Amino acid sequence: MFAGKNVLVTGSARNAGLGIAQVFGSYGATVFIHGRTAGQVAALAEKLNRDAGAGRGRYLPIAADVAREEDVARAFAAIAQQAGGLDVLVNNACHLGLGYRFLDMPIAFFDEVLAVNLRGYALCAQYAARQMIPRGGGAIVNIGSNTARRVLADRAAYIASKGGVESLTRALAVELAEYQIRVNCVVPGYIHTERWNTLSEEIKQRRWKNVPLGRESSPADIGEAAAFLACSKAGNITGSSLLVSGGTDIQLVPPDCAV
């Protein structure tokens, strides 16, 4: 499905980003594995290629801080040099924004979260689109969060950033349509990440009760949704947000809370 296509998944050194990257790789894409540390992503790309039996070509490392334009510019220059340009961008890099209640939150922390989760998405989308235009178009998939619509306490910066991601998605979809660049958003609920493994059994059970389908999303679930939105089968879809939450967003209250 993505044979001959070049894909960058930001924040793909672990967790959901890694799962997304592996889905694209399984469909034949050349995938740039991204993280902040060059050594880490180089070792991971080598392992992924070895595991896939793909030699050196399927997964390629790229290191950058997406909040810093000079890093983003350098990364995209490397992508152009190594692969000739980008066909698909998945904006996934994420600052979880944990640690503060709103009244105690330093505004510098707010800026820090938005620098990664919103400014970083805009920066990467801008550089990606410039590479996609001479290639005849492409696809950008942003990873949002259902907390942008149904909020949690103590996550104001994160929630604000993810609300911005959905608005940015629609704005870019309109502006980039003339270049045949489609821009869509995957909106996850709970995702099984490394952090999930630190939760108590009680909290896990509580979370599962929040999900009508009874389980959190896997990284592969998010990857499959991103791959669909980026592929030709979704060729007339742009500016859309696709919920991947096991039904969390359609349920008023879990069954054990119903009155």
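For the residue pairs LYS47/LYS209; LYS5/LYS209; LYS162/LYS233; LYS5/LYS204; LYS204/LYS233, the C-alpha atoms sit more than 31 angstrom apart in LYS47/LYS209; LYS5/LYS209; LYS5/LYS204; LYS204/LYS233.
Summing Cβ point charges (Lys, Arg +1; Asp, Glu -1) relative to the Cα centre of the chain gives a dipole of roughly 360 debye.
Give me the percent relative contact order of the stretch 15-151, please, defined on Cα pairs under 8 angstrom at least 6 residues apart. Intermediate results must be reported in sequence, preceding the final value.
On the way: 151 pairs, mean separation 30.7, N = 137.
The normalised contact order for the stretch 15-151 reaches 22 percent.
The calculated 222 nm mean residue ellipticity attributable to helices in the chain amounts to -13000 deg cm²/dmol, summing -39500 (n - 2.57) over DSSP H runs of n ≥ 4 and dividing by all residues. Take the stretch 1-71, compute every pairwise Cα distance, and split them into 10 Å bins from 0; I just need the percent in each bin. Using 10 Å bins, I get a P(r) of 24, 56, 19, 2 for the stretch 1-71. Taking other residues whose beta carbon is less than 14 angstrom from the beta carbon of PHE109, and scoring Lys, Arg as +1 and Asp, Glu as -1, yields -2. Taken as Cα centroids, the stretch 157-225 and the stretch 15-46 sit 19 Å apart, rounded to the nearest whole angstrom. Its Kirkwood hydrodynamic radius, worked out from the mean inverse distance over all distinct Cα pairs, puts the stretch 186-259 at 13.7 Å.
Coordinate-derived values only; no laboratory data. As the structure is a computational prediction, the values presented were derived from the model and not from experiment. FYI the Cβ positions are ideal-geometry reconstructions off the backbone, even for glycines, and counts take in every protein chain you see.
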